[in-house]
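Everything below concerns the one structure shown next.
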Amino acid sequence: MAKFDAYEHLHVILNSDGSLTRLLNIPTLPATSDEQAPGQAVVSKDIVLDANKKTWLRIFRPNKLPSNDKSVVRLPVVIYFHGGGWIDIKTDAVMVHENCNLFSSEIPAIVISVSYRLAPESRLPAQYDDAVDAIQWLKKQAIDQKGEQWLRDYGDFSRCYLYGTSNGANIAFNAALRALDLKLQPLRFGGLIMNQPMFSGRNRTKSELQHATDDILPLPALDLMWELALPPGTDRDHRYSNPMLDKPCREKIKSLGRCLVIGYGDDIMIDRQQDFVQMLVLQGVSVEAQFDNIGFHGIDLVDSRRASALLSFVKEFI
């Protein structure tokens with residue numbers, strides 16, 4: 001029987017310099033810009049976040065803005081962190097772009113999708129640093145008279161949210177903890193949304209063993225993602241991957257605002273997600289948990305009914 005190759009499963013090759021060759025040809029989409037706006041539900045534009053780090057943002061706003069007594073209603077601002085298991089995908093990937101289009105149109109909201117650095121070329125906590133850069137960038141727009149026009153004209157800086165999917169939900173969580181130490185006025189965060197958050201640990205959970213040979217995300221592939229993302233010399237019990245073991249983290253969690261956690265019963269990480277929710281609740285955090293017994297990791301990307309249900313949860317939360 002052939003030995004399972006996690007690199008092959010993830011369609012990546014590890015190079016001698018520690019970088020990855022990514023073999024998946026993931027389709028991308030450009031930002032739309034205002035010029036192509038007629039008939040589009042959402043317009044978008046790209047902005048450089050940090051040229052040295054090669055990080056950038058794609059901002060989405062509804063083309064048709066809601067109004068009240070002929071004045072434009074200000075929209076909540078959502079900072080979004082996509083999935084990809086730390087090692088793949090950028091914010092211009094078709095599935096990320098279309099998801100953000102949908103969020104922006106249906107919530108409605110201004111969505112700021114963060115194209116953060118990938119591992120292993122940039123290991124954790126680089127992704128958390130990029131997330132904080134995005135939050136600080138948003139604050140700058142709020143206090144700068146010449147700040148980003150879409151945000152100045154249409155954004156409600158008193159209703160900001162952090163939203164992440166898979167490892168992006170892990171980024172959102174850690175960014176929210178870091179944000180507690182920052183002076184972010186006039187920004188006010190109304191909540192934290194974590195869709196199928198990615199966590200791990202050395203001791204195997206029941207769901208990890210049950211879904212160890214999962215077709216989409218088998219356990220060796222999940223382990224490899226963490227191996228490529230965590231700081232050298234650490235393991236999966238590090239606080240980045242297993243916050244449930246970190247006492248200082250638990251103390252800080254008490255200060256988090258409202259949280260929405262979404263998960264599915266056939267996700268290899270479902271036990272960790274439920275343990276995570278329990279930890280939040282025990283620290284006194286206001287948590288809304290939406291767990292469906294059926295569904296695998298990333299099902300909302302391929303099942304329109306689940307995508308619609310997820311959107312409803314997020315819309316109601318915001």
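The values are calculated or read from the model by the stated rules, or taken from the named source; none is laboratory data. Computed from a prediction, not measured in an experiment: that's the story for all the values here. All Cβ positions, glycine included, derive from the backbone under ideal geometry; neighbour counts span all protein chains shown.
Given the criterion of a type outside the set (Asp, Glu), in contact with a Phe, Trp or Tyr (Cβ under 9 Å, 6 or more places away or on another chain) and free of Cβ contacts under 8 Å to residues at least 24 places away in the same chain, identify the matching residue among VAL277, VAL261.
Result of the check over VAL277, VAL261: VAL277.
Take the residues in region 153-193 that are part of a helix (DSSP H, G or I) and among the small types (Gly, Ala, Ser), then tell me which one is nearest to the chain's Cα centre (by Cα).
Across region 153-193, the extreme among qualifying residues is GLY168.
A quick yes/no check of all residues on (1) touching a strand residue (DSSP E or B) at 6+ places or on another chain (Cβ under 9 Å); (2) under 30 Å from VAL132 (Cβ atoms); (3) part of a strand (DSSP E or B):
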{"site": "ILE26", "(1), (2), (3)": "yes, yes, no"}
{"site": "ARG61", "(1), (2), (3)": "yes, yes, yes"}
{"site": "TYR80", "(1), (2), (3)": "yes, yes, yes"}
{"site": "GLY85", "(1), (2), (3)": "no, yes, no"}
{"site": "MET95", "(1), (2), (3)": "no, yes, no"}
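Is there a residue being at pLDDT below 90 and closer than 30 Å to GLU106 by Cβ anywhere in region 10-28?
No, every residue in region 10-28 fails to be at pLDDT below 90 and closer than 30 Å to GLU106 by Cβ.
Taking the conditions exactly as written (in contact with a helix residue (DSSP H, G or I) (Cβ under 8 Å, 6 or more places away or on another chain), surrounded by fewer than 15 Cβ atoms within 10 Å (Cβ to Cβ) and either of a type outside the set (Lys, Arg) or modelled with pLDDT under 95 (or both)), does LEU182 satisfy them or not?
The answer is yes for LEU182.
Being modelled with pLDDT of 95 or more, in contact with a strand residue (DSSP E or B) (Cβ under 8 Å, 6 or more places away or on another chain), of a type in the set (Gly, Ala, Ser) and closer than 21 Å to GLN127 by Cβ narrows it down to one residue among GLY201, GLY191; which is it?
Testing whether each residue is modelled with pLDDT of 95 or more, in contact with a strand residue (DSSP E or B) (Cβ under 8 Å, 6 or more places away or on another chain), of a type in the set (Gly, Ala, Ser) and closer than 21 Å to GLN127 by Cβ leaves just GLY191.
If we keep just the residues of region 92-137 that are hydrophobic (A, V, I, L, M, F, W, C) and in contact with a Lys or Arg (Cβ under 6 Å, 6 or more places away or on another chain), which is surrounded by the fewest Cβ atoms within 10 Å (Cβ to Cβ)? Can you show your working first?
Initial filter on region 92-137 (hydrophobic (A, V, I, L, M, F, W, C)): 93-96, 100, 102-103, 107, 109-112, 114, 118-119, 124, 126, 131-132, 134-135, 137.
Narrowing further to those that are in contact with a Lys or Arg (Cβ under 6 Å, 6 or more places away or on another chain): 107, 110, 126, 132.
On the way: ILE107: 20, ILE110: 26, ALA126: 19, VAL132: 16.
The residue in question is VAL132.
All but one of (1) farther than 23 Å from ALA309 by Cβ; (2) at pLDDT 95 or above hold for ASP144; state the number of the condition that does not hold.
Unmet for ASP144, out of (1) farther than 23 Å from ALA309 by Cβ; (2) at pLDDT 95 or above: (2).
Tell me, which helices (runs of 4 or more DSSP H) lie completely within region 206-310 with 1 or more residues that are touching a helix residue (DSSP H, G or I) at 6+ places or on another chain (Cβ under 6 Å) and more than 30 Å from SER158 (Cα to Cα)? Talk me through it step by step, then tell me what you get.
Values: elements: 206-210, 219-229, 247-253, 270-282.
Qualifying helices (runs of 4 or more DSSP H): 206-210, 219-229, 270-282.
Counting just the residues of region 201-238 that are over 22 Å from LEU301 (Cα atoms) and of a type in the set (Ser, Thr, Tyr), which one comes out surrounded by the fewest Cβ atoms within 10 Å (Cβ to Cβ)?
Applying the filter and picking the extreme gives THR234.
Taking the criterion of being touching a Cys at 6+ places or on another chain (Cβ under 8 Å) and either at pLDDT 95 or above or among the basic types (Lys, Arg) (or both), would at least one residue in region 230-241 satisfy it? It would help to see each step written out before you state the result.
Residues of region 230-241 touching a Cys at 6+ places or on another chain (Cβ under 8 Å): 239.
So of that shortlist, the ones also either at pLDDT 95 or above or among the basic types (Lys, Arg) (or both) come out as 239.
Yes, the conditions are met somewhere in region 230-241.
Taking LEU180 as the residue in question, decide whether it is within 30 Å of CYS100 (Cα to Cα) and in contact with a Ser or Thr (Cβ under 8 Å, 6 or more places away or on another chain).
So LEU180 passes the test.
Since ILE89 meets every condition but one in (1) surrounded by fewer than 19 Cβ atoms within 10 Å (Cβ to Cβ); (2) within 30 Å of MET269 (Cα to Cα); (3) touching a helix residue (DSSP H, G or I) at 6+ places or on another chain (Cβ under 7 Å), which condition does it not meet?
For ILE89, the exception is condition (1).
Give me a count of the residues in region 121-152 that are assigned to a helix (DSSP H, G or I) and within 17 Å of ILE59 (Cα to Cα).
Summing the residues that are assigned to a helix (DSSP H, G or I) and within 17 Å of ILE59 (Cα to Cα) in region 121-152 gives 17.
State which residue pairs qualify: first residue touching a residue at least 40 places away in the same chain (Cβ under 8 Å) and inside region 133-148, second residue of a type in the set (Val, Ile, Thr) and surrounded by fewer than 18 Cβ atoms within 10 Å (Cβ to Cβ) in any location, beta carbons under 8 Å apart, and separation of 6 or more residues or different chains.
Between residues of region 133-148 that are touching a residue at least 40 places away in the same chain (Cβ under 8 Å) and residues that are of a type in the set (Val, Ile, Thr) and surrounded by fewer than 18 Cβ atoms within 10 Å (Cβ to Cβ), the close pairs are GLU148/ILE47.
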